[in-house]
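Here the structure comes first, spelled out in structure tokens, and everything after it is commentary.
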Amino acid sequence: MYEHLQQTDNEVYELVKKETERQQHGLVMIPSENAASVSVLETMGTALSNKYAEGYPGKRYYTGNEYIDQIENLAIYRAKKLFNAEHANVQPNAGSGANLAIYFALLKPGDTVMGLNLAHGGHLTHGNPVNFSGMTYRFQSYGVNKETERIDLDEVRAIALREKPKMIVTGATAYPRQFDFSAFRKISDEVGAYLLADVSHFVGLCLAGVHPAPFPHADVVMTTTHKTLRGPRSAIILSKTTDRLASTPADPATKVKNLAQKIDSAVFPGTQGGPMEHIIAAKAVCFAEAMKPEFKTYQENIVKNAHALAETLQAEGIRLVSGGTDNHLMLIDCTPLQITGKQGANALADLGIYTNFNTIPYDTRKPFDPSGIRLGTPTLTTRGMGAGEMQTIGHTIAKVLKNMTNETVREGVRKVVRELTARFPLYSELL
Ligand SMILES: Cc1ncc(COP(=O)(O)O)c(C=O)c1O
């Protein structure tokens, strides 16, 4: 692969090669990353990238879209089937833009919204003050309980009753436990709020039934497609058709829209221009992959591996936020190890183990040098690793974090990484 690039632009080719090799020879444990199939990668590099297709299938502002329409319709059909959704918009370019479109569709600037605090695992677009979401809407965040480090639904309900939000956002980027969508829906109903489930991180687990499913509880579901879904770097929005909170029912004559139409208009022309049809095609490919029985087994193995890794780390005396994990990720509290999360994550990365530094709930340190390390199992599970390998990796990580500068330890760790990555190859067909 990549012969043309190699011949015409060796400088870029060399960097692509080096990055591919880094992924091959390293243990990628950043829980928001994965290794998409070669079919997904191939589809992203097709001539579909050349085509402008503003609008939606059958209603484009450009000619020449007869095949593009079929591709987008196929992606929509597969997304609806996979998620059991009434409506799917497959055009969002990324998760942040998709959340922007959802807010734009259903809220007015200044409306009150609830989302999980970033410091407790929420995403920037769930109301952080430095993000458009926190600047445009009146976000009242909920957090995790200081003792249990889990979301306290009584507290969520109390905030909702007090603040009367127009929308409650669920989902997270660094929360190792499950979301009870049914309980959130009850709270949303009590206060007349939309329920948005941002399942970006654990979407694959939902599809496999190892995490509660967001439908039928949520009005709108947003997911990125490149994390546990293992597709191209992108996002989609799924929704109900009926807007259960609209004061006026949908009516084409008066141009009053239903929920699905509101979402579509908010994506295009509201917040995006021409859709990336090469990425939409790659999303269609990953949806078909996710319908296969192997995908369910893969997701079950992600969770089994996360349990094995968490148990090993805890047996090594390492403190995990909330005492473990129910999903694909966990958070190490580095405070008792007398290092910062950044020092720990950098030491691991130097040896080819990629995690990310992350705040932990009630962190006293700043986000750019926080107390935690976030790590997970999606990519290692894609490579075929199982519980035995997770135990080896757990002991290895503990060794690094406890002996940050010991060169003998570091040499031993490099050997473990070399041996594991050779035994579980990745992308051997690419280079
Ligand atoms: C829960 C959640 N929502 C939204 C996003 C944003 O996605 P993107 O990086 O594609 O903008 C992320 C990305 O990490 C996420 O974890």
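The values are calculated or read from the model by the stated rules, or taken from the named source; none is laboratory data. Small disclaimer: the values here were computed from a predicted structure and weren't measured. Using ideal geometry, Cβ is built from the backbone for each residue, glycine included, and neighbour counts are taken over all protein chains shown. Accessible surface is based on the protein model in full, side chains and every heavy atom, while ligands, DNA and RNA are left aside. Shrake-Rupley method; radii C 1.70, N 1.55, O 1.52, S 1.80 Å.
Grab the helices (runs of 4 or more DSSP H) fully contained in the range 137-228, keeping just those with 1 or more residues being modelled with pLDDT of 95 or more and hydroxyl-bearing (Ser, Thr, Tyr).
Because the criterion is at least 1 residues that are modelled with pLDDT of 95 or more and hydroxyl-bearing (Ser, Thr, Tyr), the helices (runs of 4 or more DSSP H) in the range 137-228 that meet it are 181-191.
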Residue list for the range 393-416, restricted to those being within 28 Å of the chain's Cα centre (by Cα) and surrounded by fewer than 19 Cβ atoms within 10 Å (Cβ to Cβ): HIS395
When the residues of the range 92-104 are filtered to those that are aliphatic (A, V, I, L, M) and open to solvent by less than 20 Å² (accessible area, probe 1.4 Å), which remaining residue is farthest from GLY171 (Cα to Cα)? ALA101
Got at least one residue in the range 89-108 being within 16 Å of the ligand (Cβ to nearest atom), without any contact (Cβ under 8 Å) to a residue 24 or more places away in the chain and in a loop (DSSP other than H, G, I, E, B)? no
Note on GLU72: of the conditions (1) over 23 Å from the mean Cα position of the chain (by Cα); (2) in contact (Cβ under 8 Å) with a residue 12 or more places away in the chain, unmet is (1)
Assuming TYR2 fulfils every condition listed in (1) in contact with a helix residue (DSSP H, G or I) (Cβ under 8 Å, 6 or more places away or on another chain); (2) at pLDDT 95 or above; (3) of a type outside the set (A, V, I, L, M, F, W, C) apart from one, which condition is it? (2)
Collect the residues in the range 264-288 that are surrounded by fewer than 18 Cβ atoms within 10 Å (Cβ to Cβ) and within 20 Å of the chain's Cα centre (by Cα), keeping them in residue-number order. ALA288
Conditions (1) open to solvent by less than 10 Å² (accessible area, probe 1.4 Å); (2) within 15 Å of the ligand (Cβ to nearest atom) -> VAL156 fails only (2)
Considering residues that are more than 10 Å from the ligand (Cβ to nearest atom) and open to solvent by 10 Å² or more (accessible area, probe 1.4 Å), the number found within the range 215-234 is 4
Go through the range 122-136 and count every residue that is within 9 Å of the ligand (Cβ to nearest atom) and assigned to a loop (DSSP other than H, G, I, E, B). 2
Report the residue count in the range 370-392 for those that are open to solvent by less than 30 Å² (accessible area, probe 1.4 Å) and in a loop (DSSP other than H, G, I, E, B). 6
Considering residues of the range 238-265 that are small (Gly, Ala, Ser) and either part of a helix (DSSP H, G or I) or not assigned by TED's automatic domain parsing to the domain that holds ASP198 (or both) only, the residue farthest from LYS166 (Cα to Cα): ALA253
